[in-house]
1. In which sequence would D35, D317 go, from the one with the fewest C-beta neighbours within 10 Å to the one with the most?
2. In whole Å, what three semi-axes, largest first, describe the equivalent ellipsoid of the stretch 253-387 built from its Cα gyration tensor (square root of 5 times each eigenvalue)?
3. Over the chain, what is the relative contact order in whole percent, taking alpha-carbon pairs under 8 Å and six or more residues apart?
4. In which sequence would I320, I371 go, from the one with the fewest C-beta neighbours within 10 Å to the one with the most?
5. Based on a Kirkwood Rh over C-alpha pairs, give the Stokes-Einstein translational diffusion coefficient of the stretch 11-250 at 20 °C and viscosity 1.002 mPa s in µm²/s.
6. What is the spin-label model distance, in nm, from D132 to V335 if the labels are put 7 Å beyond Cα along the C-beta direction?
7. Around T278, which amide H atoms from residues at least 5 apart in sequence, or from another chain, sit under 5 Å from its own amide H, with H modelled in the peptide plane?
8. Let me know the Rg and Dmax you get for the stretch 1-137 when you use only its Cα atoms, in Å.
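Please treat every number below as a calculation from the coordinates, not as lab data. What you see is a predicted model, and the numbers here were worked out from it, not measured in a lab. Because the Cβ atoms are built from the backbone with ideal geometry, glycine has one as well, and the counts that use them run over all protein chains shown.
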Amino acid sequence: MTGINTTVVHADRDVQPSNAVAPPIYQTATFGADDAAAFAHAASEPRGKDFYTRFGNPNHAQVAAVVAELEGTEAALVTASGMAALTTTVLALVSAGDHVIGQKSTYGGTASLLLTLLPRFGVTTTQVDQTDPGAFERAVTDRSRLILLETPSNPLLQVTDLRAVADLARAHGVITLADNTFATPVNQRPADLGVDLVWHSATKYLNGHSDVLAGVVAGPERLLDKVWETALLTGATLGPFDAWLLLRGLRTLPLRMQVHNANGIALANALDNHPAITRVHYPGLAGHPQHALASSQMSGFGGVLGVEFAGGFHAADDFIGHLRHFRRSASLGGVESLAVHPASMWRGMLSEENIAASGVPLGLIRLACGIEDANDLLEDVLGAASALDS
């Protein structure tokens, strides 16, 4: 089996249309054909790369080849953002009258899709406690078509038993779609545990440099072809230059994740039991209620942790104000460390009632560790936490 560092460098070799060592950027909207037969083939080939960039592009194909190999799936499809990957995939798989199951602990955009967008089109939805596999099965109806998973979840870092949910979903003929953004395929491969489709906000760890909005979904060709057909209609097309930047970021993903993983566990251990903090949410901690499950399906725990402050909303906000190396900013997974207050950020996507129902405490801060030196990050967060006591 090819090693992961070799995979990110060479998995796209068969789809590279040139011999250039550094791949060219195919900054074109359309492609020519030599004859009518070639034109017809290019126009109808799912996830092709040489007809029209909304249908596909060589830079798209290269990213897809690398991600599919990393996730252990047959194919992958790139989109203009992580939310484009999610919404396009869901719209490809469900229709009016269908039922979708999601998690209570999930990214705000995913929750908004479940609570706001899908019901407008006649799709019913149910959110369940992801820590209880039986809750998913109890929610299944004869109209259930799709289960949305996210593990570890954003921002509570709760863990879903992927194998258990995938098994019960398959028994009921329901497709599973897992958000693997926090874990990345370096730390977790949902397809190996039976999940049908895997998606990412590639803006985050896959790209790793906070300069691209992109998404990707990976899985069997038969399902990806359906998603591609819907993507032609939604038009959520990733630009060639952004795809080229994403490919460049993917080349270093395993190397970067080593540092993200190390910084994440270092900060979680240092902040755990701090007097200003009531709880640290990080599945790599031995005290995390799902640490055993996380260890069984993950090889590393990532650089994101949730830190809950005893002083509530204002203490959390003050903490960010005292940080030097962590910038107050949305997103995660880049080389730089970021801190965000989810309760404030999600007010633009969810109602106060839905935020409360998600279980996200008002005093929770999400820390996303970059690749800076661990000692510098430790000094920063411990200093900011201690400043709350003064």
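1. D35, D317
2. Working through the eigenvalues yields semi-axes of 22, 18, 15 Å.
3. Once normalised by length, the contact order is 17 percent.
4. Values: I320 18, I371 21.
Listed from fewest to most nearby Cβ atoms, that is I320, I371.
5. 118
6. Computed distance between label sites D132 and V335 equals 4.6 nm.
7. E308, F309, A310
8. Cα only, the stretch 1-137: 19.2, 57 Å (Rg, Dmax).
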